[in-house]
1. At a Förster distance of 22 Å, what's the computed FRET efficiency of VAL119 paired with ASP69, Cβ-Cβ distance as r, to 0.05?
2. Could you check the simple spin-label distance between SER36 and ARG106, using points 7 Å along Cα→Cβ, in nm with one decimal?
3. Hey, what do the phi angles of the range 56-68 turn into as Karplus ³J(HN,Hα) couplings, whole Hz, using 6.51/-1.76/1.60 and θ = phi - 60°, x for Gly and Pro?
4. Shape verdict for the range 65-114, please, from the Cα gyration tensor: rounded (a/c under 1.5), prolate (a/b greater than b/c) or oblate.
5. Using θ = phi - 60° and the Karplus curve 6.51 cos²θ - 1.76 cosθ + 1.60, what whole-Hz ³J(HN,Hα) does each residue of the range 5-15 get, with Gly and Pro shown as x?
6. Explain nothing, just compute: Karplus ³J(HN,Hα) = 6.51 cos²θ - 1.76 cosθ + 1.60, θ = phi - 60°, for every residue of the range 98-104 in order, whole Hz, x for Gly and Pro.
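No value in this document is a laboratory result; all are computed from the given coordinates. Since this is a predicted model, take the numbers as computed values, not measurements. Cβ placement follows ideal geometry from the backbone for every residue including glycine, while neighbour counts extend to all protein chains displayed.
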Amino acid sequence: FAVGPEVRSQDTTHLLADVAQTSSASRLMAWEFLKSNFDAVVQKKGGVAAGGSMASLVSRITRGFATVDMISEISSFFDAHPEARVVRLEQQARESVLANSEWLKRNHAGLCAFIDRWVLDGVPPAGAGLP
């Protein structure tokens, strides 16, 4: 749909980026779509892969990833599409995923305890404004 005639070329990257920001599942779907349809997205955008909107799209899709495996996947994407490589963008995408991964490692146990206490035990967090 994103690369079909129903979507204006200037809206393609916005559509994919907005889908990616909806949830972690939709972020993965947008990433898989971009990887599988990169040439069609570039064609829809006028055939220029290294432009600002493509760089922004890759950044907006990848910045929410939080596993080290995604760093390899991002690198593989840029290796497969060197025309999309914007060195600073690639570095930022890797750094973002690594930072998210480290945050998740540091906070995983606390988040699980918080969710267990709130959701499973029915004890809302202090200041949640719940009765």
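1. 0.20
2. 3.6 nm
3. Per-residue couplings from phi come out as 5, 4, 4, 4, 5, 6, 7, 5, x, 6, 9, 10, 4 Hz.
4. Cα axes put the range 65-114 in the prolate bin.
5. Going residue by residue, I get x, 5, 10, 5, 4, 6, 9, 4, 5, 5, 4 Hz, with x marking Gly and Pro.
6. Computed from phi, the couplings for the range 98-104 are 5, 4, 5, 5, 5, 4, 5 Hz.
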